[in-house]
Amino acid sequence: MAFAISRPCGDFKTSYGADETIFATKTSLIFCVGGIGLLCLAPLVVGAYWLNLLIQIGYLGIAALGLNVLVGFTGQISIGHAAFFGFGAFASAYLSNRFAIPVFLAIPLAGIATTAVGLVFGVPATRLKGLYLAIATLAAQFILDDFFGRAAWFTGGVAGTSAKSLSIFGHEVIGDRQYFYVVLAYVLLAYLAVTNLMRTRDGRALVAIRDHYLSAEMMGVNLTKYRTLSFGIAAFFAGIGGALYAHYLGFVSIEGFNILFSIQFLAMVIIGGLGSISGTLMGTAFMVLLPELIEALAKALAGSPIDKALSLKEGIAFLKEMTIGAAIVLFLIFEPDGLAHRWRQIRAYWKLYPFSY
């Protein structure tokens, strides 16, 4: 028989508000709250290595969420997301170093500054689509990369720049354990904000543009406005994620925000599931853990005939890049809807078992 967590057959929702609730059942709400509670206990039970990975998943997941709003929900494309991530990192470091703005305030201000930059590139990009839009965002990647190298007053040039540690109400956040809670708070706020955005008229307008922009325009949706808005939202979350990244490492260098990093962001939303908020976090976790798995596998095969044939130790960096590309291709072929779709199918199976409907 079906489990108690299943909803009864039939649609008993009688209002639009009931249909747009964040949690479909009380059970899903309980599991979500319980999961957040377990995450709050993570710094007390996991080691420094896993805590570092969780923090990476956090700030990269925020940036990937913005890209999913642009690509997954609006149907646009961006191959320059890493540049906006880097701009947020440099902006937060610059504001806290140059103007002595507290890091607690510099992080959201960096998000706003990155939004302005995203809108600059987003306005002309709204008149493009398909391959032309992809090339335009690729141009944004190279333009910002060149800016990072030349604007030594802002980025420190090729030498990079330092980023102050975060302090909240006079208390300095020291160590990964304390910084984890800061990142977790930003993740919860970001994902809750986007979830609520998708329930509003503006969120439905973004989805309508993705599904059929001509029909959306005939219904009165301002295509230019909402396409520009999606670029601004994507840039904002990229800036927030970049700022958290900068103050976590304490140093920002221009080498890390290249085209490969932008492709990794695209891989996160494709693997997690285009147009899925929870899938974004799944895809981010997958992309963060995949290189670690490859490195562990290379160590396990050290000295073996496979290692001697493929030179795994010397080519580990190239092997990681290859697996990222292979993961994208395999997911596009065998699981185009991403991990979120697979998770929904698993849940449906256990809810409906032993019935097929």
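The values are calculated or read from the model by the stated rules, or taken from the named source; none is laboratory data. This one's a predicted model, so the numbers in the text were calculated from it and none came from an experiment. Note that each Cβ is placed from the backbone with ideal geometry, even for glycine, and that neighbours are counted across all protein chains shown. Surface areas here come from the heavy atoms of the whole protein model, side chains and all, with no ligands, DNA or RNA. Shrake-Rupley method; radii C 1.70, N 1.55, O 1.52, S 1.80 Å.
If you count, for each residue, the other Cβ atoms within 10 Å and average over each peptide, how do 59-70, 342-353 line up from highest to lowest?
Taking the mean over residues of other Cβ atoms within 10 Å, the ranking is 59-70, 342-353.
Hey, what number do you get for the chain at 222 nm if only DSSP H runs of n ≥ 4 count, each worth -39500 (n - 2.57), divided across all residues, to the nearest 500?
Calculated mean residue ellipticity at 222 nm is -23500 deg cm²/dmol.
Say we join alpha carbon atoms closer than 10 Å with springs in a Gaussian network model of the chain; which of Tyr181, Tyr49, Tyr213 then has the biggest fluctuation?
Tyr49
Count the lysine pairs in the chain whose Cα atoms lie under 17 Å apart, taking only pairs 8 or more positions apart in sequence or on different chains.
Eligible lysine pairs with Cα atoms under 17 Å apart amount to 6.
Over the alpha-carbon set of region 39-352, divide Rg by the Kirkwood Rh and report the Rg/Rh ratio to two decimals.
With Rh from the inverse mean 1/r over Cα pairs, Rg/Rh is 0.98.
Rank by packing, highest mean first: peptides 190-202, 248-260, with packing defined as the count of other Cβ atoms within 10 Å averaged across residues.
248-260, 190-202
So if I place +1 on the C-beta of Lys and Arg and -1 on the C-beta of Asp and Glu, and nothing else carries charge, what would the dipole magnitude of the chain be about its Cα centre? I want it in debye, nearest 20.
Magnitude of the dipole: close to 580 debye.
How much of the accessible area of region 39-352, in percent, comes from carbon and sulfur atoms when a 1.4 Å probe is used?
Carbon-and-sulfur percentage of accessible area, whole number: 70.
For the chain, report the accessible area per residue in Å² (1.4 Å probe, heavy atoms, rounded to an integer).
Value returned for the chain: 52 Å² of accessible area per residue.
For Cα pairs less than 8 Å apart in space and 6+ apart in sequence, what is the mean separation divided by the residue count of the chain, i.e. the relative contact order in percent?
30 percent
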